[in-house]
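To start, the structure itself, in structure tokens.
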Amino acid sequence: MTPAASYRQEVDRSLRRRLDVAVVLFLLLVGIAFVLERTYHPARWPVILWWYIGEATTCALGMLAIRSARWSPRLASAVTIGVLSLLMSSYNAVVAGPVERFATAQVCLLSGIVVIMPWGWRAQLAVSGAALAGVTLAAPWTGVDEGFAYAVLAVGAGATTSVWGAVFLERYIRRARHIVGSARSTRFRSRSPRRATRRLPVAG
């Protein structure tokens, strides 16, 4: 097996474990947010319940998909998180919530995911695109004003820094693996002549 193939296998195994952590944290934090929503906006309770069920269902389907041979772990995890981002956007649009609060939630999602999921910059870019698309698509409900402009700026900045963070993290991991592999190879080569010398028969 080539080093590149070994690296992909290791990342795939890691993504299967990390997605479980990501969805549990997501449902926990969103659940807390929905409790606050119900406390301060009781009339939104039916919408809150349906959206939470939709997000929990998305998480369950994502956990099943990432363990299926039909789905690449990177694709399954990126689609799961992207759909969750769009569900957050749609909830804010339906209840006409403050766009600044929504932007904060999206930036928290992007900055947290780049740390938890070692999926590379392409998957991070896809999720960042979903977050930006969600802000844009919510414009007819939230209105295009100063708050909306700053929300787009905040999500755009969060998306940009998270993608670059994924780039640097992937480079760091690859470089670290290369250094460790080189060190092991050098150690093995340095020991091999001594082992061979010990096995040589003694003359006489």
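Some points to look at:
- Residue that is farthest from residue 92 (Cα to Cα), among those in region 124-165 that are in a helix (DSSP H, G or I), at pLDDT below 90 and in contact with a Ser or Thr (Cβ under 7 Å, 6 or more places away or on another chain): 148
- Any hit, region 92-104, residues being without any contact (Cβ under 8 Å) to a residue 60 or more places away in the chain, within 19 Å of residue 137 (Cα to Cα), outside any helix (DSSP H, G or I) and small (Gly, Ala, Ser): yes
- Count of region 42-71 residues which are more than 21 Å from residue 138 (Cα to Cα), in contact (Cβ under 8 Å) with a residue 40 or more places away in the chain and surrounded by fewer than 20 Cβ atoms within 10 Å (Cβ to Cβ): 2
- Of the residues in region 169-185, not one is surrounded by 16 or more Cβ atoms within 10 Å (Cβ to Cβ), closer than 30 Å to residue 5 by Cα and modelled with pLDDT of 95 or more.
The values are calculated or read from the model by the stated rules, or taken from the named source; none is laboratory data. Here the structure is a predicted model, which means the values were calculated and not measured. Cβ sites come from the backbone with ideal geometry, for glycine too, and all protein chains shown count toward neighbours.
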